[in-house]
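The values are calculated or read from the model by the stated rules, or taken from the named source; none is laboratory data. Just so it is clear, the model here is predicted, and its values are computed rather than measured. Positions of Cβ are backbone-derived with ideal geometry, glycine not excepted, and every protein chain shown enters the neighbour counts. Accessible surface areas use protein heavy atoms only, side chains included; no ligands, DNA or RNA. Shrake-Rupley method; radii C 1.70, N 1.55, O 1.52, S 1.80 Å.
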Amino acid sequence: MSMDTAISEPTPALFSQIRHKPMVAPSILSADFGMMAEECRSVIDHGADLLHLDVMDGHFVPNLSMGPAMCQAIRSHFPVAFLDVHMMVTNPGDYIDSFAKAGANNYTVHVECDDDPRELAEAIHSAGMSAGLAIKPETDFEKMKPHLEHFQLLLVMSVHPGFSGQAFIPEVLETTSRLSELIRDDQHIQMDGGINPETAVSCREAGCDVLVAASAIFKKPDYGDSIARIRGQ
Ligand code: DX5
Ligand code: ZN
């Protein structure tokens, strides 16, 4: 039985709603993979707004992580949790249907991938998911700017994608501030990488409303305390 009502109702359009409060998205990349269901249950019970799944292909980033089978397994245990998939892969267009069938709610692609962002957004929406567009720390914001209107979520990476546990890169806050002046009220800004209760303060001030954290939650003893402090409570 959940102690918290954060994930108690189906939320298929979480990223299409008007932006109003900070959301905390635990990245299961730092969870104990041998106890994944228990780990997800614990963060949900302690106030997580959604679950963030980092998918890596060993090509776009120098690491391998998880695929649709993990998404499906989590969905089978958590019928109403919002599952946010972050695709750090070269050809994200190849996996849209697989993740939609596996129960993903949001599908984020990188602007640096080999596929066309506009076509990806259309395919993601056709598959029944909201769409996110991510940018690496070193990529020129002008590459992302023409595509903003087609995406519900704009993800600014605050570490070099591939691994959890890296230090926050503060220079990306400038990108976030620019984004927050350009987007609609029903679009969302997600920050991902090196977020902890301290770095989360500047992220929220720069306009981020979806804060991803892996190690600052799953590598700490008190998940509830970490989630609340990242949210700014
Ligand atoms: C990194 C992933 C992140 C990562 C964050 O490539 O996209 O979601 O899990 O890990 P922390 O919060 O430990 O920096
Ligand atoms: Zn991520």
| task | Give the cysteines in the chain for which no other Cys Cβ lies under 4.7 Å away, or write none if there are none. | result | Cys40, Cys71, Cys113
| task | Report the residue, chosen from Ser215, Ser98, Ser158, that carries the largest GNM mean-square fluctuation when the chain is represented by alpha-carbon nodes joined by springs under 10 Å. | result | Ser98
| query | If you stretched the chain out fully between Arg178 and Ala228, how much longer would it get, using 0.36 nm times the residue separation minus the C-alpha to C-alpha distance? | reply | 15.3 nm
| remark: Taking 173-185, 104-116, 123-135 and ranking on average Cβ neighbours within 10 Å, highest first, one gets 104-116, 123-135, 173-185
| field | ³J(HN,Hα) computed for each position of the range 103-114 - Karplus, 6.51 cos²θ - 1.76 cosθ + 1.60, integer Hz, glycine/proline x | value | x, 5, 9, 10, 10, 9, 10, 8, 5, 8, 6, 7
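Placing +1 at every Lys and Arg Cβ and -1 at every Asp and Glu Cβ, with all other atoms neutral, what dipole size does the chain have around its Cα centre, in debye to the nearest 20?
Computed about the Cα centre, the dipole is about 420 debye.
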| field | Cβ-based net charge around Tyr95, under 11 Å, with every Lys or Arg adding one and every Asp or Glu removing one | value | -3
| request: Choose one answer from Val89, Val159, Val61: the residue with the largest mean-square fluctuation in a GNM of the chain with alpha-carbon springs under 10 Å. | output: Val61
| request: Taking only Cα atoms and a 10 Å spring cutoff, compute GNM fluctuations for the chain and point out the largest among Gln190, Gln72, Gln152. | output: Gln72
| said: Place a point 7 Å from Cα of Glu149 in the direction of its Cβ. Which residues in the range 164-203 have their backbone N less than 15 Å from it? | reply: 182-187
| note | Any lysines whose Cα falls less than 29 Å from that of Lys101, other than same-chain ones fewer than 8 residues away, would be Lys136
| task | At 1.4 Å probe size, with every protein chain present, just tell me what the per residue accessible area of the chain comes to in Å². | result | 42 Å²
| note | Note: the range 154-199, point scatterers on Cα, Debye, no solvent; log10 I/I(0) at q = 0.24 Å⁻¹ equals -0.86
| request: Tally up the carbon and sulfur contribution to the accessible surface of the range 79-168 as a whole percent, 1.4 Å probe, everything protein left in place. | output: 44 percent
| request: Give me the orientation-averaged projected area of the Cα convex hull of the chain, in nm², one decimal. | output: 10.9 nm²
